[in-house]
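Working notes for the structure below.
The numbers here are math on the coordinates, done by the rules we state, and not lab data. Remember, it's a predicted structure, so these values are computed and weren't measured experimentally. Neighbour counts are summed over all protein chains in view; Cβ atoms, including those assigned to glycine, are modelled from backbone coordinates with ideal geometry.
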Amino acid sequence: MDRLPVIDIAPLYASDPAAWTAVARQIDSACREWGFFYIKGHPIPAQRFADLLQAARTFFAQPAAEKLKIDITRSRNHRGYGAIASEQLDPERPSDFKETFDMALHLPPEHPDVLAGKSFYGPNRHPELPGWEALLEGHYADMLALAKTVLRALAIALGIDADFFERRFEQPVSVFRMIHYPPAAARQSDDQPGAGAHTDYGCVTLLYQDDAGGLQVQNRQGEWIDAPPIDGTFVVNIGDMMARWSNDRYRSTPHRVISPQGVDRYAMPFFAEPHMDTEIACLPGCFDAERPPKYPPTTCAEWLTARFAATYAYRREGAA
């Protein structure tokens, strides 16, 4: 229990049902034991990450006033730039020593759901950098497709219809995030975390991380285990919605980020979250008389709204 499994998902891009089942079994085992695993064999090219890293370095190196032109606290749908210490993932520790950029599915202002004021829907807010919008919107589409492939394998592992999750990912509220962790020496206090210990909110998270390191995962014994960068992989973890759907068959595992020493760290998670009206209730086969459902039904929107309010001060102060 000191090393996360690495799973080759290349068979998920072939038509052999037996190969799909074999990958699903590996994912099932990893989700039961850890709630975390690496994937390799995905179709996103290495050059994409080089381009994204360069874009992230350029954006976060700008003056604060420039970044704050797309201040996330002035967004109705949680899009744009989050300044250092604007997020507090661990309520027992100081606010996180990181800055962020968030985007999601772009819906224009005239879209019916945007006009209706539905939470988490609306237009993206991109910085005015050459090539930025095309790069990130294209990557968002590719990450959503990758997440749906992983979710199809999870559905097979859970013994439900293979397209169960995919059908709930029409007009999703999935988020792509860029994160910059400055070197630890610049922290406001020695106990300020890069990212405080937390579980993720959604279904699954797919994380690209650079080579700085710092991600740690809590094992079943409560020990913090390093999840170091592995070239060509994503780190995948189960979020709270999937834990609720699976009645904790799949674990939503605490994890954190230790601020890097002497270098900047860049990470790029994709938080796969379904349509906002999706019901999150215990799945068939995940409960019986001896294992009744642990959680009451909720919706994606209700769950995210509650979790965001606990994490972001501006969401508690009445921002939509």
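Remarks
- Highest-fluctuation residue, Glu128, Glu290, Glu302 considered, GNM on the chain with Cα pairs under 10 Å: Glu290
- Counted charge near Ile280, where neighbours are those whose Cβ lies closer than 10 Å (Asp, Glu -1; Lys, Arg +1): -1
- Per-residue ellipticity at 222 nm from helix content only, as computed over the chain with -39500 (n - 2.57) for each DSSP H run of at least four residues, stands at -8500 deg cm²/dmol.
- For Asp211 and Ala46, the difference between the fully extended length at 0.36 nm per residue and the C-alpha to C-alpha distance is 58.0 nm.
- Computed about its Cα centre, the charge dipole of the chain is approximately 260 debye, with only Lys, Arg, Asp and Glu carrying charge at their Cβ.
- Environment charge of Leu144, counting only residues whose C-beta is closer than 12 Å and scoring Lys/Arg +1, Asp/Glu -1: -4
- Taking a straight line from the alpha carbon of Lys294, these lysines sit under 27 Å away, with near neighbours fewer than eight places off in the same chain left out: Lys148.
- Rg/Rg_ref, region 157-268, where Rg_ref = 2.2 N^0.38 Å and atoms are Cα: 1.20
- Global form of region 218-320, assessed from the alpha-carbon gyration tensor, a/c cut-off 1.5: oblate
- Shape analysis of region 6-316 places it in the rounded category; the axes a ≥ b ≥ c from the Cα gyration tensor give an a/c below 1.5.
- Nearby lysines by direct alpha-carbon distance to Lys67 (threshold 20 angstrom, same-chain neighbours under 8 apart not counted): Lys98
- Amide proton proximity set for Gly122, modelled H, under 5 Å, gap of 5+: Leu107
- Shape analysis of region 96-187 places it in the oblate category; the axes a ≥ b ≥ c from the Cα gyration tensor give an a/c of at least 1.5, with a/b not above b/c.
- Summed side-chain charge close to His198 - residues other than His198 whose Cβ falls under 9 Å, Lys, Arg +1, Asp, Glu -1: -1
- Shown in residue order for region 287-303 are the 3J(HN,Hα) couplings computed by the Karplus curve 6.51 cos²θ - 1.76 cosθ + 1.60 at θ = phi - 60°: 8, 7, 4, 8, 10, x, x, 7, 10, x, x, 9, 10, 4, 5, 4, 5 Hz (x for Gly and Pro).
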